[in-house]
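Notes to accompany the following structure.
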Amino acid sequence: MSTALDLVFEKVRAENRAALIAYIPAGFPSKSGCEKAIQALANAGVDAIEIGYPYSDPVMDGPTIQEAAEISLKGGTNAADVFSALKVASSTGVAAVVMTYWNPIEKYGVNEFAQSISDNGGSGVITPDLTIEESGRWLEAVGKSGINPIYVVAPSTSDARLAQVTSKTGGFVYAASVMGVTGARNNVSVDASALVARVKETTKLPVSVGLGVSTREQAKQVAAYADGVIVGSAFIKLLLNAKSEQEGLDAISELAKELALGVREGR
């Protein structure tokens, strides 16, 4: 069964470009603000949206995303709000996935979580802290609900390990471009292209690069070798620094349009 995410990668492959994937935490900058931001990103040309499940102890997230998650948690964001943001995203016509640590999935109920993703139009879940050794119940659950289990690999992942991880992955492989936490960077690490090449030796799945892209030029560089370009902190920073909700929405629309050009210039 093809999900909306699989169709996005078929489409961008046919257009000979990379997909632009935007990340926003559920409930940020507010519950209604998040829905407006999702709509703005979809209108501005992103191909897929990753809804973050705000978590109090995010091991992979840098200060920008942590700050957004704190704002979201203070606003009372819970699982229902994550699924509702997911539904808003999928109903705009873009592919939509959730990124979450394992703890909220377990707390909610493994089968129930996977089914709720599917029920709200989601194509999959990115689980940065779930190892394939501990994935038995999760893989069974996603199999039943027809969504993609998306795993994260890093430059430090060994070749043998890459093959094991990608054999269990669906949708796309999330390649973290650097060792360390998320955040916009001045240049995207050279390790990223080497990592993508190594991943491609183990799987035919699309490979998307996350961590660090914030400009059209960087999107273009990453799109030259990756199938998807994931941008999060750069959008969040604009929303955090905006003087008003509208200013924030205008700023992320502008950036998304620039990045959409970038992913089309890479090849």
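Every read-out reported here was derived from the displayed coordinates using simple, explicitly stated rules and does not represent laboratory data. Given the structure is predicted, the values throughout are model-derived calculations rather than measurements. FYI the Cβ positions are ideal-geometry reconstructions off the backbone, even for glycines, and counts take in every protein chain you see.
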**Asked** What does the charge dipole of the chain about its Cα centre add up to, to the nearest 20 debye, if the Cβ of each Lys and Arg holds +1 and the Cβ of each Asp and Glu holds -1?
**Response** 460
**Asked** Among 55, 110, 194, which residue has its Cα positioned farthest towards the positive end of the charge dipole of the range 13-262, with +1 placed on the Cβ of Lys and Arg, -1 on the Cβ of Asp and Glu, and the dipole taken about the Cα centre?
**Response** 194
**Prompt:** Classify the range 59-181: rounded, prolate or oblate, from the alpha-carbon gyration tensor (a ≥ b ≥ c, eigenvalue square roots; a/c under 1.5 rounded; otherwise prolate if a/b is larger than b/c)?
**Reply:** oblate
**Request:** Could you name the lysines whose alpha carbon sits less than 17 Å from that of residue 74, not counting residues in the same chain fewer than 8 places away?
**Result:** 31
**Complete:** Amide H contacts under 5 Å for residue 23, restricted to residues at least 5 apart in sequence or on another chain and with H modeled in the peptide plane, are 50, 231, 232
**Request:** Go ahead and run the numbers for FRET between residue 107 and residue 30, Cβ-Cβ distance against an R0 of 35 Å, rounding to 0.05.
**Result:** 0.90
**Item:** Spin-label proximity, residue 56 to the range 90-115 - amide N less than 13 Å from point 7 Å beyond Cα toward beta carbon
**Value:** 104
**Message:** For a test of the definition: using alpha carbon positions, the gyration tensor, and the 1.5 limit on a/c, classify the range 115-252 as rounded, prolate or oblate.
**Reply:** oblate
**Prompt:** What ranking do 117-129, 143-155 get when scored by the average of other Cβ atoms within 10 Å per residue, highest first?
**Reply:** 117-129, 143-155
**Complete:** The distance between the Cα centres of the range 18-54 and the range 55-96, in whole Å, is 9
**Complete:** Partner aspartates and glutamates whose C-alpha sits under 16 Å from that of residue 200, ignoring same-chain residues fewer than 8 away, are 159, 191, 227
**Request:** With N denoting the number of residues in the chain, provide Rg(C-alpha) divided by 2.2 N^0.38 Å, to two decimal places.
**Result:** 0.90
**Asked** Fully extended, how many nm does the chain gain between residue 243 and residue 15 (0.36 nm per residue separation, minus their Cα-Cα distance)?
**Response** 78.3 nm
